[in-house]
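The values are calculated or read from the model by the stated rules, or taken from the named source; none is laboratory data. Keep in mind that what you see is a predicted model, and the values were worked out from it rather than measured. Don't worry about glycine lacking a Cβ; one is built from the backbone with ideal geometry, like all the others, and counts go over all protein chains shown.
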């Protein structure tokens, strides 16, 4: 999911290139990109391209891993056994996506330990959406429908990303995400046919998840200064605002089908353009959540830190056992 | 108790074992020592809850009163659940949960093996499917027990304590009551005495390889098979059943 990372400033960029890159090398690289060739891990690439991809892919992986938490919050309370196993399978998929993406990032020369270390220290970011709480069962439906729906909008263009390992990972991930979105929508369809309490639960969840879902596409194009290079490198194919518009256009009719009222007084269909116009996003809220001050930022990170600390003795034991086995084999 | 009643009770116990263990496992779904272990834990829990669904459905069909898997899981009270006490024990640390799985799966795999040859309608097929899953769980957990036992001094001491603590809950697995006896006699169900011999042999072998000590004979806890549970079981059920209890009759 989650390409918000592209819009964060590359801290190394300003300090100049550590490695000499000739104009010829850069031009030849751009030629390959323009010819729609896939860049593979062993190929030469500009350092900034490599760093941008490491940042984006690792952030994507972190988002999958942190994203297990808000949904995990309802696993033990899922209202039927069928819903319980579907949710569990979805969360398992997310752990799998995380592993897969960490492996893709490792091809760029960064270790998983280092990436996980950056997540745990708070240095690395993950998608802002997972810093919101899941308060009712309807939130699980809303996440599948809206959050996975937004993720798919983001990720389909990434299947054509110029970096081969990431593009191929996205093909597989998108297939599973599309199943996730359907299960979320299915939860809500069931609620929409339910009793008044279920319908109210669904509207409440929608009210809380609508705007944060729109924020998933990142800052508006006018404020997204770091996208241009990513577009030129064909890491990013479609701008934040274009993707957001596509999402709104696709989602509003689905909301109507569910009998939901979109929590936006300014929302209206422009008959000329065929697109929905919508109100201004609360960008201060977005910046606050990105800065670590969302409702669950501290909780999400603390849970990951605790799991890592609690597991230290287990990892050490596995390491010690492997060393003993190696010594025994050598003896 | 006639044979049919005993069989329904027996299938429900198997289902309760699978569900309650699966429910405990999903409490720690995003809290493993490594991402790979989180995947494994989720995967194993899926197997158990899947088994519970098949078994509850089977029990409902045998009973013939229209009760669904969700009726059994969410609308029964504490005293009606007949899972083993071992399986409802809180997760504790990684070693505690691991030992719980290892001791149960070492038993369950032989129980399922016996059930694949039973004459009860539907049950042999479910057992044949479940045993494939449980065999690889057991392999995974045996390997971890060996790693922790033969790892560091700390891991050795911790997992030995886990084993010592859990041991009191193992006796209940092998004490045949009327339900076990009727299913053994009327449906060619597993002989718990024979299962106990195999269990002890397998457990001892892994424990030895893990350089751990087998706990000595001691007083054994019991009551799970009779619906008398540990105090924390009520909280597990309250959490699991909250939606069905709060919104009676709703469809999800």
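Condition check ((1) touching a helix residue (DSSP H, G or I) at 6+ places or on another chain (Cβ under 8 Å); (2) away from every other protein chain (no Cβ under 14 Å); (3) under 30 Å from residue B:117 (Cα atoms)) across all residues:
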residue: B:140; (1), (2), (3): yes, no, yes
residue: B:157; (1), (2), (3): no, no, no
residue: B:177; (1), (2), (3): yes, yes, yes
residue: B:180; (1), (2), (3): yes, yes, yes
residue: B:193; (1), (2), (3): yes, yes, yes
residue: B:216; (1), (2), (3): no, yes, no
residue: B:219; (1), (2), (3): yes, yes, no
- Item | Members of the stretch A:235-268 found to be touching a strand residue (DSSP E or B) at 6+ places or on another chain (Cβ under 8 Å) and modelled with pLDDT under 95, listed by number | A:235
- Query: For residue B:204, are the conditions met, namely being surrounded by fewer than 19 Cβ atoms within 10 Å (Cβ to Cβ) and on the phi < 0 side of the Ramachandran plot?
  - Reply: yes
- Looking at the stretch A:104-128, which of its residues are over 23 Å from residue A:214 (Cα atoms) and in contact (Cβ under 8 Å) with a residue 24 or more places away in the chain? A:104, A:105, A:107, A:108, A:109, A:110, A:115, A:116, A:118, A:119, A:120, A:122
- Task: Take residue B:210 and decide whether it is within 24 Å of residue B:109 (Cβ to Cβ) and within 14 Å of chain A (Cβ to nearest Cβ).
- Result: yes
- Subset of the stretch A:176-204 that is without any contact (Cβ under 8 Å) to a residue 60 or more places away in the chain and within 15 Å of the chain's Cα centre (by Cα) - its residue that is farthest from residue A:232 (Cα to Cα): A:181
- Message: When the residues of the stretch A:142-172 are narrowed to those that are free of Cβ contacts under 8 Å to residues at least 24 places away in the same chain and in contact with a helix residue (DSSP H, G or I) (Cβ under 7 Å, 6 or more places away or on another chain), which ends up surrounded by the most Cβ atoms within 10 Å (Cβ to Cβ)?
- Response: A:170
- Query: So is residue A:86 touching a helix residue (DSSP H, G or I) at 6+ places or on another chain (Cβ under 9 Å), part of a helix (DSSP H, G or I) and crowded, with 24+ Cβ neighbours inside 10 Å or not?
  - Reply: no
- Item | Some residue of the stretch A:173-196 being under 26 Å from residue A:104 (Cα atoms), in contact with a helix residue (DSSP H, G or I) (Cβ under 6 Å, 6 or more places away or on another chain) and outside any helix (DSSP H, G or I) | no
- So residue B:64 fits all but one of (1) without any contact (Cβ under 8 Å) to a residue 40 or more places away in the chain; (2) within 12 Å of another protein chain (Cβ to nearest Cβ); what number is the exception? (2)
- Which members of the stretch B:231-249 meet the condition of being surrounded by fewer than 17 Cβ atoms within 10 Å (Cβ to Cβ) and either touching a residue at least 24 places away in the same chain (Cβ under 8 Å) or within 14 Å of another protein chain (Cβ to nearest Cβ) (or both)? B:232, B:234, B:235, B:238, B:239, B:242, B:245, B:246, B:248, B:249
- Kindly list, by first and then second residue, each pair from a residue in the stretch B:44-55 that is within 7 Å of another protein chain (Cβ to nearest Cβ) to a residue that is not in a helix (DSSP H, G or I), limited to pairs with Cβ atoms under 8 Å and residues at least 6 apart or on different chains. B:45/B:29
- Message: With the condition being closer than 29 Å to residue A:52 by Cα, more than 14 Å from every other protein chain (Cβ to nearest Cβ) and without any contact (Cβ under 8 Å) to a residue 12 or more places away in the chain, I'd like the helices (runs of 4 or more DSSP H) fully within the stretch A:231-331 carrying at least 2 qualifying residues.
- Response: A:283-288
- For the stretch A:269-289, which residues satisfy the criterion of being in contact with a strand residue (DSSP E or B) (Cβ under 7 Å, 6 or more places away or on another chain) and farther than 29 Å from residue A:186 by Cβ? A:270, A:277
- Out of A:91, A:57, which single residue is part of a helix (DSSP H, G or I), more than 23 Å from residue A:144 (Cβ to Cβ) and within 16 Å of the chain's Cα centre (by Cα)? A:57
- Single condition residue A:269 does not satisfy, out of (1) within 22 Å of residue A:240 (Cα to Cα); (2) surrounded by 15 or more Cβ atoms within 10 Å (Cβ to Cβ): (2)
- Check whether at least one residue in the stretch B:117-131 is under 26 Å from residue B:34 (Cα atoms), part of a helix (DSSP H, G or I), away from every other protein chain (no Cβ under 13 Å) and out of contact with any helix residue (DSSP H, G or I) (no Cβ under 8 Å at 6 or more places or on another chain), and report yes or no. no
- Message: I need every pair where a residue in the stretch B:92-117 that is at positive phi has its Cβ under 9 Å from the Cβ of a residue that is surrounded by fewer than 20 Cβ atoms within 10 Å (Cβ to Cβ), sequence separation at least 6 or different chains.
- Response: B:92/B:165
- Query: Which of the residues that make up the stretch B:11-26 are closer than 15 Å to residue B:72 by Cβ and within 9 Å of another protein chain (Cβ to nearest Cβ)?
  - Reply: B:19, B:22, B:23
- Query: Would you say residue A:108 is over 14 Å from the mean Cα position of the chain (by Cα), surrounded by fewer than 22 Cβ atoms within 10 Å (Cβ to Cβ) and not in a helix (DSSP H, G or I)?
  - Reply: yes
- Note on the structure: Going through (1) surrounded by 17 or more Cβ atoms within 10 Å (Cβ to Cβ); (2) closer than 19 Å to residue B:17 by Cα one by one, residue B:122 fails only at (1)
- Hits in the stretch B:27-43 - residues which are under 25 Å from residue B:238 (Cα atoms), in a helix (DSSP H, G or I) and more than 7 Å from every other protein chain (Cβ to nearest Cβ): B:41
- Give the number of residues within the stretch B:81-101 that are under 16 Å from the mean Cα position of the chain (by Cα) and assigned to a helix (DSSP H, G or I). 10
